[in-house]
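The values are calculated or read from the model by the stated rules, or taken from the named source; none is laboratory data. It should be emphasised that the depicted structure is a prediction, and the values quoted were computed from it without experimental measurement. Every residue, glycine among them, receives a Cβ derived from its backbone with ideal geometry; neighbour counts consider all protein chains shown.
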Amino acid sequence: MGGNLTGTVRLTRLALRRDRIQLPLWILGTTVLSSTSYTAVREQFPTEADRVTALRTAVDAPAILMLRNAPTGTSDGDMMAFQILAFLAVLAGFMSTLAVVRHTRQNEETGRSELIGSMVVGRHASLTAAMIVTAGANLVLAALLALALIGNGLPAAGSVAFGLGVGAAGLTFAAIAAVAAQVSQGARAANGIAAAAIGAAYLVRGLGDAFGEVQPDGYTMTSAWPSWLSPIGWTTLVQPFAGNRWAVLVLPAVFFAALLGTAFALADRRDIGMGMLAARPGPARAAAGLLSPLGLAWRLQRGTLFGWAVAIGLFGVTIGSLAGTVEDAFAGNEGAARTIRELGGGGALSDAFFTAMLAMVGAMAAGYVVQAMLRLRSEEAGGRVEPVLATATGRLRWLGGHLVVAAFGAVALLLLAGVSAGLVAGLGNGDLGDRLVDLGAAALVQAAPALIMIGYVVLLFGLAPRLTVALAWLGYAVSLVFGQLGELLNLPQAVRDVSPFSHVPALPSADVTATPLVLLGVVAVALGAAGLILFRRRDLAL
Amino acid sequence: MTTAISVSGVVKSFGRSRALDGLDLSVDVGEVHGFLGPNGAGKSTTIRVLLGLLRADAGQVSLLGGHPWRDAVALHRRLAYVPGDVNLWPNLTGGEAIDLFGALRGGLDRRRRDELLERFELDPTKKARTYSKGNRQKVAVVAAFASDVELYILDEPTSGLDPLMEAVFQECVREVKRQGRTVLLSSHIFSEVEALCDRVSIIRQGRTVEAGTLAELRHLTRTAISVETARSIDGLVELPGVHDARVDGTHARFDVDSAELDAVLQHLHRFELRALTSTPPSLEELFMRHYGNDAGTGTGDDGSGSGDGDGGRGADSRMAGV
């Protein structure tokens with residue numbers, strides 16, 4: 001075994017050096033977000049009565065419970081955990097899975113592991129180094145979260161439980177990514193599997209909370225059994241500040257050990273650069289549909305789009321089926337109904353609910369668009385654009401192929417969400433036609449921010465190719481936080497207005513207003529046109 | 001039009017480093033032109049400028065009568081490019097990638113494609129992620145030679161190919177040359193360049209240091225001579241242009257600067273020549289001369305050596321000495 005680990009220390013140092021900016025940014029960003037949320041909770045819900053009212057609303061609204069957690073109490077710590085704990089677990093998950101894949105499969109793909117593997121380095125050194133770095137990052141994150149909360153004056157035990165809960169989720173997803181890196185065909189696929197695992201864990205936990213049991217006090221809850229099946233559920237089930245149930249942390253520990261053992265066992269059986277499943281032969285000749293820049297872009301992007309379509313379709317069906325529940329749940333609770341209306345921008349209760357949910361779909365579609373458009377940069381950095389542009393393919397045609405796929409994909413995803421929600425909701429209450437039209441239109445207006453993101457990424461790609469990936473996700477995250485969480489974080493309106501999400505008409509509760517949509521469209525086109533001009537004029541950044 | 005590629009005084013900087021520093025290159029229509037230089041000399045940068053992927057900071061570039069940046073798309077219809085490091089889409093098969101490159105270039109010859117696949121022994125049904133470097137290289141080479149174009153720009157096209165495939169590649173180059181097409185061949189393999197190229201340009205640190213036919217280039221350097229005479233030789237070592245001389249009575253071996261060859265032979269005549277072998281410098285020696293520690297005029301005794309015992313030198317690289 002010792003021979004298998006030779007060189008681990010050196011590889012760990014190499015990985016730390018490569019991640020010296022990225023990981024600290026993740027950790028600090030996550031910590032800052034938790035502190036901001038704490039401040040927001042205190043400003044937004046200053047009194048016990050405010051908190052009880054808000055939580056009473058929440059426990060009756062499955063959609064809110066899906067997005068937050070089951071509330072555990074009204075103290076500052078409890079309220080903060082209710083708002084942000086599951087979300088922080090997601091962030092820790094992405095930090096960890098991206099790091100593990102980066103230091104395992106991505107190294108193999110770029111051929112770096114082959115070079116390293118030929119040196120005095122054991123078979124397990126690479127995976128071990130990746131896990132050491134990722135585990136270390138999660139430990140630091142847990143410690144910083146705990147310290148930041150204690151520094152804010154929250155109880156020490158609860159703060160530590162909060163930090164450990166988030167760190168444990170990160171570790172669990174790191175182990176999932178370690179297995180995915182062994183099983184999959186490449187880094188992209190490994191990241192996809194890991195991201196799907198995070199999404200599924202969030203959804204399963206959401207179901208557990210949505211179907212949880214309300215306690216006699218009327219505003220705290222016990223999560224239902226699905227939460228126990230989800231790594232993010234384990235984090236919330238620790239119940240920091242309320243129960244501080246340390247024993248729950250045994251679950252992620254056991255799960256982590258088991259998956260890590262599996263990953264090492266798989267690593268023993270696998271050849272470098274290959275997946276567990278052998279690649280099947282494909283066609284010897286290209287189909288006619290592939291033979292154009294657009295055809296190529298579609299071929300490269302369709303897998304990602306289908307993945308998103310499944311997720312968004314399921315989400316649409318889920319919100320459609322909750323429409324009736326919302327009406328029933330608030331039938332006898334006028335105060336709660338008013339809160340929902342305020343959140344959703346007024347109008348009928350179920351309309352307000354759909355407005356809030358379709359805004360989330362808009363955020364997802366914008367996320368898809370960023371991912372799809374970043375193909376431009378990965379094609380360029382990976383050297384695959386050079387032979388294409390050396391053919392009679394102009395730069396605009398090449399870029400246009402990816403742009404068309406991303407724009408089409410965003411509109412298709414939004415329509416899918418609106419139609420699936422409308423179909424299910426309409427079949428439920430009998431006015432199928434109205435529901436389909438209303439929700440389809442409500443989903444479609446969300447295309448505006450997605451188009452802005454397309455323009456924004458094209459601009460970055462033309463202006464600063466090497467910074468495109470980082471700045472694109474940063475811009476997306478900022479838009480999301482300002483636009484979607486701006487209310488939650490109590491940000492001033494001027495700051496929220498920076499985000500394109502803040503300007504989308506609140507359909508179906510409000511009426512369509514053309515002006516903001518036209519303006520958003522103009523901004524998108526201007527950003528994209530500037531990016532195209534810059535890209536035509538710049539050198540390829542290989 | 002007789003000039004396919006004309007580059008003069010091209011400068012290209014990346015930040016502070018100057019990749020091209022007044023580079024000149026001239027390639028005639030119908031010739032196979034060797035493009036040599038050590039790693040980092042600027043060969044790939046030059047090729048990317050020619051392809052309009054990079055924009056020159058200064059200097060004149062003309063490609064097939066057009067401007068490589070402004071007329072990129074129109075020019076690319078008339079040329080095929082093989083990069084030195086072929087990156088393919090992992091989930092496309094080799095056959096799909098070949099068809100795609102062909103279609104994007106404006107069409108490819110189906111029969112020729114299939115014939116080339118056979119000659120290069122490439123399985124087109126395999127996904128690119130399972131190809132070795134050599135096989136990825138074959139994908140680009142097949143896609144290029146299956147296209148009906150005027151100019152082939154090949155950037156170290158045979159890196160990773162085995163000797164059998166190297167031979168197939170050389171046949172392909174000769175075939176397109178016979179059809180009157182132009183080839184710019186950047187390469188590190190001297191035997192390949194000596195076998196294929198009509199003219200050669202050697203660059204160093206972004207500047208052209210030599211250009212001409214192999215015979216012309218050879219003229220600029222030393223020839224290795226071995227002689228046998230009837231009478232004992234003397235006074236040879238002192239002659240200008242003679243290097244590394246070993247005189248053993250009626251035997252002598254030495255290198256001589258090509259410019260002094262005539263004077264040296266006249267000196268040797270006095271001792272009644274019985275036998276004489278002259279070996280022209282190989283391209284490799286030319287190259288080493290330019291890139292050895294003491295580059296430039298080559299008066300130093302750096303490792304160029306006489307090399308007349310080099311068994312690998314082909315017959316076609318020998319020249320009659322007298």
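Here's the yes/no breakdown for (1) modelled with pLDDT under 90; (2) among the hydrophobic types (A, V, I, L, M, F, W, C):
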position: A:Ser75; (1), (2): no, no
position: A:Asp78; (1), (2): no, no
position: A:Ala81; (1), (2): no, yes
position: A:Ala89; (1), (2): no, yes
position: A:Gly93; (1), (2): no, no
position: A:Leu98; (1), (2): no, yes
position: A:Arg105; (1), (2): yes, no
position: A:Glu109; (1), (2): yes, no
position: A:Ser118; (1), (2): yes, no
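From B:Phe35, B:Phe14, grab the single residue that is within 14 Å of chain A (Cβ to nearest Cβ) and either out of contact with any Phe, Trp or Tyr (no Cβ under 9 Å at 6 or more places or on another chain) or loosely packed, with under 15 Cβ neighbours inside 10 Å (or both). Working first, answer last.
Working: B:Phe35 fails: within 14 Å of chain A (Cβ to nearest Cβ).
Going through B:Phe35, B:Phe14 in turn, the sole match is B:Phe14.
Could you count how many residues in region B:257-284 are in contact with a Ser or Thr (Cβ under 9 Å, 6 or more places away or on another chain), over 10 Å from B:Glu228 (Cα atoms) and among the polar types (S, T, N, Q)?
Within region B:257-284, residues that are in contact with a Ser or Thr (Cβ under 9 Å, 6 or more places away or on another chain), over 10 Å from B:Glu228 (Cα atoms) and among the polar types (S, T, N, Q) number 4.
What number of residues within region B:145-166 are small (Gly, Ala, Ser) and either modelled with pLDDT of 95 or more or closer than 18 Å to A:Thr391 by Cα (or both)?
Taking region B:145-166 as the starting set, the residues that turn out to be small (Gly, Ala, Ser) are B:146-147, B:159-160.
In the following step, the residues that additionally are either modelled with pLDDT of 95 or more or closer than 18 Å to A:Thr391 by Cα (or both) were identified as B:146-147.
Count: 2.
Restricting to helices (runs of 4 or more DSSP H) lying wholly in region A:1-87: which have 3 or more residues that are among the polar types (S, T, N, Q) and crowded, with 19+ Cβ neighbours inside 10 Å? Write out each step before concluding.
Values: elements: A:8-18, A:22-44, A:48-59, A:62-67.
Correct list: A:22-44.
If A:Ala470 meets every condition in (1) of a type in the set (A, V, I, L, M); (2) modelled with pLDDT of 90 or more; (3) within 23 Å of the chain's Cα centre (by Cα) apart from one, which number is that one?
Of (1) of a type in the set (A, V, I, L, M); (2) modelled with pLDDT of 90 or more; (3) within 23 Å of the chain's Cα centre (by Cα), only one is false for A:Ala470: (2).
Is region A:433-440 home to any residue that is crowded, with 20+ Cβ neighbours inside 10 Å, of a type outside the set (Gly, Ala, Ser) and closer than 28 Å to A:Arg536 by Cα?
No, every residue in region A:433-440 fails to be crowded, with 20+ Cβ neighbours inside 10 Å, of a type outside the set (Gly, Ala, Ser) and closer than 28 Å to A:Arg536 by Cα.
Residue-wise test of (1) away from every other protein chain (no Cβ under 14 Å); (2) more than 30 Å from B:Ser44 (Cβ to Cβ); (3) in a helix (DSSP H, G or I); (4) at pLDDT 95 or above.
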residue: A:Pro449; (1), (2), (3), (4): yes, yes, yes, no
residue: A:Ile454; (1), (2), (3), (4): yes, yes, yes, yes
residue: A:Leu460; (1), (2), (3), (4): yes, no, yes, yes
residue: A:Leu474; (1), (2), (3), (4): yes, yes, yes, no
residue: A:Leu480; (1), (2), (3), (4): yes, yes, yes, no
residue: A:Leu489; (1), (2), (3), (4): yes, yes, no, no
residue: A:Ala526; (1), (2), (3), (4): yes, yes, yes, yes
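Taking A:Leu532, is it over 18 Å from A:Pro449 (Cα atoms) and out of contact with any His (no Cβ under 6 Å at 6 or more places or on another chain)? Before you say what the answer is, go through the steps one by one.
Values: over 18 Å from A:Pro449 (Cα atoms): yes; out of contact with any His (no Cβ under 6 Å at 6 or more places or on another chain): yes.
Yes: the conditions hold for A:Leu532.
Would you point out which residue out of A:Gly307, A:Gly320, A:Gly335, A:Gly324 is on the phi < 0 side of the Ramachandran plot, away from every other protein chain (no Cβ under 14 Å), crowded, with 20+ Cβ neighbours inside 10 Å and modelled with pLDDT under 85?
On the way: A:Gly307 fails: crowded, with 20+ Cβ neighbours inside 10 Å; A:Gly335 fails: crowded, with 20+ Cβ neighbours inside 10 Å; A:Gly324 fails: crowded, with 20+ Cβ neighbours inside 10 Å.
Of the residues listed, the single one that is on the phi < 0 side of the Ramachandran plot, away from every other protein chain (no Cβ under 14 Å), crowded, with 20+ Cβ neighbours inside 10 Å and modelled with pLDDT under 85 is A:Gly320.
Can you report the number of residues in region B:173-205 which are among the charged types (D, E, K, R) and not in a helix (DSSP H, G or I)? Break it down stepwise before answering.
Within region B:173-205, the first condition is being among the charged types (D, E, K, R), and the residues that meet it are B:174-175, B:177-178, B:181, B:192, B:194, B:198-199, B:204.
Applying the additional criterion that residues be not in a helix (DSSP H, G or I) yields B:181, B:198-199, B:204.
Total meeting the criteria: 4.
Please return the ranges of helices (runs of 4 or more DSSP H) entirely within region B:43-151 where 2 or more residues are facing chain A (nearest Cβ under 8 Å).
Numbers: elements: B:43-50, B:72-76, B:94-105, B:110-119, B:133-145.
So the answer is B:72-76, B:94-105.
Taking A:Ala470 as the residue in question, decide whether it is closer than 30 Å to B:Asp85 by Cβ and assigned to a loop (DSSP other than H, G, I, E, B).
Values: closer than 30 Å to B:Asp85 by Cβ: yes; assigned to a loop (DSSP other than H, G, I, E, B): no.
Considered against the rule, which asks whether it is closer than 30 Å to B:Asp85 by Cβ and assigned to a loop (DSSP other than H, G, I, E, B), A:Ala470 comes out as no.
Scan B:Asp155, B:Asp162, B:Asp148 and give me the residue that is over 30 Å from A:Ser184 (Cα atoms) and in contact with a Pro (Cβ under 6 Å, 6 or more places away or on another chain). If you could, list the steps in order and put the result at the bottom.
Details: B:Asp162 fails: in contact with a Pro (Cβ under 6 Å, 6 or more places away or on another chain); B:Asp148 fails: in contact with a Pro (Cβ under 6 Å, 6 or more places away or on another chain).
Only one candidate passes the filter, namely B:Asp155.
Residue by residue through region B:206-232, note down the ones that are outside any strand (DSSP E or B) and at pLDDT below 90.
We begin by selecting, within region B:206-232, every residue outside any strand (DSSP E or B); these are B:206, B:214-221, B:230-232.
Listed by number, the residues that qualify are B:Leu214, B:Ala215, B:Glu216, B:Leu217, B:Arg218, B:His219, B:Leu220, B:Thr221.
So, of the residues in region A:364-394 that are over 22 Å from A:Arg466 (Cβ atoms) and within 9 Å of chain B (Cβ to nearest Cβ), which turns out to be surrounded by the fewest Cβ atoms within 10 Å (Cβ to Cβ)?
A:Gly394
For region B:226-283: of the residues being among the β-branched types (Val, Ile, Thr) and within 30 Å of B:Leu36 (Cβ to Cβ), which is nearest to the chain's Cα centre (by Cα)?
First, pick out the residues of region B:226-283 that are among the β-branched types (Val, Ile, Thr): B:227, B:229, B:233, B:237, B:242, B:247, B:250, B:256, B:264, B:277, B:279.
Applying the additional criterion that residues be within 30 Å of B:Leu36 (Cβ to Cβ) yields B:242, B:256, B:264, B:277, B:279.
Working: B:Val242: 29, B:Val256: 25, B:Val264: 31, B:Thr277: 27, B:Thr279: 20 Å.
Selected residue: B:Thr279.
Do we find a residue being touching a Lys or Arg at 6+ places or on another chain (Cβ under 7 Å), of a type in the set (Gly, Ala, Ser) and in contact (Cβ under 8 Å) with a residue 60 or more places away in the chain anywhere in region A:130-148? Explain how you work it out, then say what you get.
Step one: list which residues in region A:130-148 are touching a Lys or Arg at 6+ places or on another chain (Cβ under 7 Å), which gives none.
So far as region A:130-148 goes, no, none of its residues is touching a Lys or Arg at 6+ places or on another chain (Cβ under 7 Å), of a type in the set (Gly, Ala, Ser) and in contact (Cβ under 8 Å) with a residue 60 or more places away in the chain.
If you scan region A:449-475, which residues turn out to be more than 25 Å from A:Leu542 (Cα to Cα) and touching a Gly at 6+ places or on another chain (Cβ under 8 Å)? Outline the logic, then answer.
Applying the first criterion (more than 25 Å from A:Leu542 (Cα to Cα)) to region A:449-475 yields A:449-452.
Of everything in region A:449-475, those that are more than 25 Å from A:Leu542 (Cα to Cα) and touching a Gly at 6+ places or on another chain (Cβ under 8 Å) turn out to be A:Pro449, A:Ala450, A:Leu451.
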